[in-house]
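Heads up: the structure comes next, in structure tokens.
The values are calculated or read from the model by the stated rules, or taken from the named source; none is laboratory data. None of the values given here were measured: they were computed from a predicted structure. All Cβ positions, glycine included, derive from the backbone under ideal geometry; neighbour counts span all protein chains shown. Remember, those area values only see protein heavy atoms, side chains included, never the ligands or the DNA or RNA. Shrake-Rupley method; radii C 1.70, N 1.55, O 1.52, S 1.80 Å.
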There are 2 protein chains.
Amino acid sequence: MEKVTCFRNIGELIQMQSSGDVPRLARKTRCALLVSQGRVTRVIRESEVHRQDFFKVIDLQGRSVLPGLVDCHTHLIHAGDRKDEMDLRMAGASYMEIHQNGGGILNTVKATRQATEEELYDRARLRVRRMMALGTTAFEIKSGYGLDLDTEKKMLRVGQRLRKNLRVPITLTYLGAHAAPKGKTIDQYFEFVMEHLPEFRNLADGVDIFCEKGVFTAAHLRRLFLHAKLVGFHQLRAHVDQLSHQGGCYNAARMGAISCDHLEHITPHDIRALYLSGTTAVLMPGATFFLGGKKIPPVHALIEAGVTIALATGCNPGSSPSCNMQTVLGLAQSMYRITPAQALIAATYGSARALDSHKDFGGLLPGQRADFMVLKTDDHRDLFYCFGENFVESTYSAGRKVKDEKDPVF
Amino acid sequence: MEKVTCFRNIGELIQMQSSGDVPRLARKTRCALLVSQGRVTRVIRESEVHRQDFFKVIDLQGRSVLPGLVDCHTHLIHAGDRKDEMDLRMAGASYMEIHQNGGGILNTVKATRQATEEELYDRARLRVRRMMALGTTAFEIKSGYGLDLDTEKKMLRVGQRLRKNLRVPITLTYLGAHAAPKGKTIDQYFEFVMEHLPEFRNLADGVDIFCEKGVFTAAHLRRLFLHAKLVGFHQLRAHVDQLSHQGGCYNAARMGAISCDHLEHITPHDIRALYLSGTTAVLMPGATFFLGGKKIPPVHALIEAGVTIALATGCNPGSSPSCNMQTVLGLAQSMYRITPAQALIAATYGSARALDSHKDFGGLLPGQRADFMVLKTDDHRDLFYCFGENFVESTYSAGRKVKDEKDPVF
């Protein structure tokens, strides 16, 4: 007999249904979720539960169950921290000023180069476990704090170990083009990245580039993407138009990027390009919030134009140290003025689509991975209403409860 | 022998020292905190610990210890919730529009009138325990969801029971003048509040009034405060200039208010009045954030003018359902662009001053209550750096550990 686990006594079950490409939040009450071999098989009514014969029955005590949150943009593998920059920013220094004075990303590069692979792995593993306890069940992780061959590869090997050992969906991205290392110009370093790109083909699923004034240009982006396609990378991503409008979004979309990320300064022209290319717009309110930015991406224009939006932490030691996707949901509602349903769709279906995995997870639909979070209450809106508290009682990955590693010192 | 408890192995101890009226964050490392009869007696060096003889020694494992957070503005006693307003607001309705259509405060009034005293007490007790687990060790609580004699008194009796049973500092405020009940004009209801004010003298420590367009005017405020002083209330508070400039702040300060709260729309003239009267400015970034307000109080102008600022949740079911003072700290840093030190001083010394209790608690100084929180890490800046996660490992009230009631369903 097939081993089916029945999660019964669900007060409210949220699924993300998509007819065509338009997702919709569907809510069922008093039901049970059947899981076999780590995947959802069916949803039945609670009243039907006694007529079934299950391998295991788990009583969820009337709580709310939602698809696990998907964090489709993180830099979670890194060493060191950048707490000192907080006071510098409050004293008026901008993110790019700190960067240009040798702080910022280059501080993290220094610490990450010095760290052993074991140290990096232990730190990242703790972070991933903490994020899972808070409801996240799938991740994208970028390299980009090495800016040399050894460290970039070390970061990606750590990502592969995380994927293997934690048995959780992790998409890896080679972000060689994150900044220029000390002693090299942007152009010199870019040629180095281009030359060695093929070496990363077996370490990462995709490539990314930080397109910004003083860093890489839209011309660099076009060259990198073309080369990446030839080398065989399927997923092209880009940090674009975050601090100023550089044309990165338009060019990335035209080149078939799977996601364009940040987008604070995009224009209607760029939105049209995203729609036509089917590129997902990845929004990170945590970064805007933490840096005190006034500029918000044109979220409603994106939604109205039919662009799929995704939400992510952008987790990184400089502009968004928060790892908590629940915080991102609350920030998105308040800063973008979107509804709880819109925010949840973006953080599940939308983010999964940015990883080309929306068939595999993000909806809690039959056939998909049984990745879900169980709330402390029976109402998913509490995630938004009482912003700032942790509402996740437990997280399940492929139907297995994520071991409770609450409150580790980190 | 005097029973002294020694909290040893403190990685970092934060105290709020004030010379004159200017508070300063003082940081000691590797030390121990001595507590007797619920109060701080001394701070000694860690190396001195073995030479002492203590009733009890508690090892804090190198963690960071800070004064407990003080929440000097809450409406935490109430029934019902107002989650439905979230979608109304996202659809464009303003807080005052919802209020004027019979929603908002009046919804909570209906639910609070219907609730029994026991129900109200149980709900409020759970909320206070949850807030204490998150680091808050002293509270102000307002009535204002009865708008009649019975319910207003019921709310304040609940507050007195909380104070007695939880043995935690709670300041109670009679906020009869919160809104007009159904069927009465503002003027009619105001006369009712004035007539019955003496009946609340033994139930509350102070009075408060919601001064706003469409609610009460600055003229009402002046009359209420004068009457309250004659009746013998010592603490005059006011919700002023939150959604529009109504002159409430200026008038409240001139009448000797101990705190003026919200202050989004105050002018330099009002700031001068606050300074001259020694009134504490209570800021609630959570309310601004949750309502999606663009207008921020002139925080830096207040600080530069020498006005003491305080931070509070404003905890209420309509505009700020969050009960978490840690969230308020992070919001304050990001929205007001103040440093971690400034935010912490405001949430401890400043809030205690708004309750006229800064000699009693808020600084973790010798002679003061031993109200403190122990962080999960050794760096108080983590509260700000990783915004959105709970960094409080445990909370102590008068030297006793607050029982862990984590994760209750609420």
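Condition check for B:Gly183 on (1) surrounded by 22 or more Cβ atoms within 10 Å (Cβ to Cβ); (2) over 19 Å from the mean Cα position of the chain (by Cα): one failure, at (1). Against the definition (more than 9 Å from every other protein chain (Cβ to nearest Cβ) and crowded, with 24+ Cβ neighbours inside 10 Å), how does A:Ala312 come out, yes or no? Yes, satisfied. Consider B:Leu230 carefully, then state whether it is open to solvent by less than 40 Å² (accessible area, probe 1.4 Å) and of a type outside the set (Val, Ile, Thr). The answer is no for B:Leu230.
Across the stretch A:339-373, what is the number of residues that are among the aliphatic types (A, V, I, L, M) and surrounded by fewer than 22 Cβ atoms within 10 Å (Cβ to Cβ)?
2
With respect to the conditions (1) at pLDDT 95 or above; (2) out of contact with any strand residue (DSSP E or B) (no Cβ under 6 Å at 6 or more places or on another chain); (3) farther than 25 Å from B:Val22 by Cα, B:Lys403 falls short on a single one, namely (1). Listed by position, the strands (runs of 3 or more DSSP E) enclosed by the stretch A:296-410 that each have at least 2 residues that are touching a helix residue (DSSP H, G or I) at 6+ places or on another chain (Cβ under 6 Å) are A:309-311.
The criterion of being out of contact with any Cys (no Cβ under 9 Å at 6 or more places or on another chain), under 19 Å from B:Leu243 (Cα atoms) and away from chain A (no Cβ under 14 Å) holds for B:Leu302. In summary, B:Leu134 fulfils each of the numbered conditions (1) touching a residue at least 12 places away in the same chain (Cβ under 8 Å); (2) closer than 27 Å to B:Phe216 by Cα; (3) touching a helix residue (DSSP H, G or I) at 6+ places or on another chain (Cβ under 7 Å) with the single exception of condition (2). In summary, B:Gly292 fulfils each of the numbered conditions (1) away from chain A (no Cβ under 14 Å); (2) on the phi > 0 side of the Ramachandran plot with the single exception of condition (1). With respect to A:Val374, determine if the residue is farther than 19 Å from A:Thr288 by Cα, within 11 Å of chain B (Cβ to nearest Cβ) and among the aliphatic types (A, V, I, L, M). For A:Val374, the condition - farther than 19 Å from A:Thr288 by Cα, within 11 Å of chain B (Cβ to nearest Cβ) and among the aliphatic types (A, V, I, L, M) - is not met.
Looking at B:Cys386 and the list (1) within 14 Å of chain A (Cβ to nearest Cβ); (2) touching a Ser or Thr at 6+ places or on another chain (Cβ under 6 Å); (3) open to solvent by 20 Å² or more (accessible area, probe 1.4 Å); (4) of a type outside the set (Val, Ile, Thr), which single condition is not satisfied? Status for B:Cys386: all satisfied but (3).
When you scan the stretch A:71-87, do you find a residue that is more than 26 Å from the chain's Cα centre (by Cα) and under 30 Å from B:Asp379 (Cα atoms), even just one?
We begin by selecting, within the stretch A:71-87, every residue more than 26 Å from the chain's Cα centre (by Cα); these are A:87.
Those left that are additionally under 30 Å from B:Asp379 (Cα atoms): A:87.
Yes.
Does B:Arg400 qualify as being facing chain A (nearest Cβ under 8 Å) and open to solvent by 20 Å² or more (accessible area, probe 1.4 Å)? In short, no. The helices (runs of 4 or more DSSP H) found entirely in the stretch A:172-284 include none that carry 3 or more residues being modelled with pLDDT under 95 and out of contact with any strand residue (DSSP E or B) (no Cβ under 8 Å at 6 or more places or on another chain).
Taken over the stretch A:25-37, the criterion of being surrounded by fewer than 16 Cβ atoms within 10 Å (Cβ to Cβ) and of a type outside the set (Lys, Arg) is satisfied by A:Ala26, A:Thr29, A:Gln37. Given the conditions (1) modelled with pLDDT of 95 or more; (2) touching a helix residue (DSSP H, G or I) at 6+ places or on another chain (Cβ under 6 Å), report the number of the one that B:Ile98 does not fulfil. Of (1) modelled with pLDDT of 95 or more; (2) touching a helix residue (DSSP H, G or I) at 6+ places or on another chain (Cβ under 6 Å), only one is false for B:Ile98: (1).
Yes/no matrix, rows are residues, columns are (1) in the same structural domain as A:Phe372 (by TED's automatic domain parsing); (2) aliphatic (A, V, I, L, M); (3) surrounded by 16 or more Cβ atoms within 10 Å (Cβ to Cβ):
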{"position": "A:Asn9", "(1), (2), (3)": "yes, no, yes"}
{"position": "A:Glu12", "(1), (2), (3)": "yes, no, yes"}
{"position": "A:Met16", "(1), (2), (3)": "yes, yes, yes"}
{"position": "A:Pro23", "(1), (2), (3)": "yes, no, yes"}
{"position": "A:Thr41", "(1), (2), (3)": "yes, no, yes"}
{"position": "A:Ser47", "(1), (2), (3)": "yes, no, no"}
{"position": "A:Phe54", "(1), (2), (3)": "yes, no, yes"}
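Against the definition (modelled with pLDDT of 95 or more, under 30 Å from A:Arg129 (Cβ atoms) and open to solvent by 60 Å² or more (accessible area, probe 1.4 Å)), how does A:Arg167 come out, yes or no? Against the criterion (modelled with pLDDT of 95 or more, under 30 Å from A:Arg129 (Cβ atoms) and open to solvent by 60 Å² or more (accessible area, probe 1.4 Å)), A:Arg167 does not qualify.
If you go through the stretch B:267-291 and keep only what is β-branched (Val, Ile, Thr) and open to solvent by less than 20 Å² (accessible area, probe 1.4 Å), you end up with B:Ile271, B:Thr279, B:Thr280, B:Val282, B:Thr288. Every test in (1) open to solvent by 70 Å² or more (accessible area, probe 1.4 Å); (2) under 20 Å from A:Leu375 (Cα atoms) is passed by A:Val65 save one, and that test is (1). Looking only at the stretch A:318-330, residues that are within 9 Å of another protein chain (Cβ to nearest Cβ) and over 15 Å from the mean Cα position of the chain (by Cα) come to 1 in all. Scanning the stretch B:58-107 for residues that are under 21 Å from B:Tyr121 (Cα atoms), within 12 Å of chain A (Cβ to nearest Cβ) and acidic (Asp, Glu) turns up just one, B:Asp81.
Residues of the stretch A:1-34 that are part of a loop (DSSP other than H, G, I, E, B) and not basic (Lys, Arg): A:Met1, A:Glu2, A:Gly20, A:Asp21. Taking every residue in the stretch B:315-341 that is more than 24 Å from B:Leu76 (Cα to Cα) and pairing it with any residue that is in a helix (DSSP H, G or I) and open to solvent by 10 Å² or more (accessible area, probe 1.4 Å), at least 6 positions away or on another chain, the pairs with Cβ-Cβ distances below 6 Å are B:Ser334/A:Phe289; B:Arg337/A:Met90; B:Thr339/A:Asp87; B:Thr339/A:Met90.
Filter the stretch B:35-58 for residues that are of a type in the set (A, V, I, L, M, F, W, C) and under 27 Å from the mean Cα position of the chain (by Cα); which is farthest from B:Pro366 (Cα to Cα)?
Of all residues in the stretch B:35-58, those of a type in the set (A, V, I, L, M, F, W, C) come to B:35, B:40, B:43-44, B:49, B:54-55, B:57-58.
Next, from what is left, pick out any that are under 27 Å from the mean Cα position of the chain (by Cα): B:35, B:40.
Numbers: B:Val35: 9, B:Val40: 5 Å.
Step by step, filter the stretch B:35-58, then rank; the result is B:Val35.
Listed here are the residues, each with its yes/no results for (1) of a type outside the set (Asp, Glu); (2) out of contact with any helix residue (DSSP H, G or I) (no Cβ under 9 Å at 6 or more places or on another chain); (3) at pLDDT 95 or above.
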position: A:Phe7; (1), (2), (3): yes, yes, yes
position: A:Gly11; (1), (2), (3): yes, yes, yes
position: A:Met16; (1), (2), (3): yes, no, yes
position: A:Ser19; (1), (2), (3): yes, yes, no
position: A:Cys31; (1), (2), (3): yes, no, yes
position: A:Phe55; (1), (2), (3): yes, yes, no
position: A:Leu66; (1), (2), (3): yes, no, yes
position: A:His73; (1), (2), (3): yes, no, yes
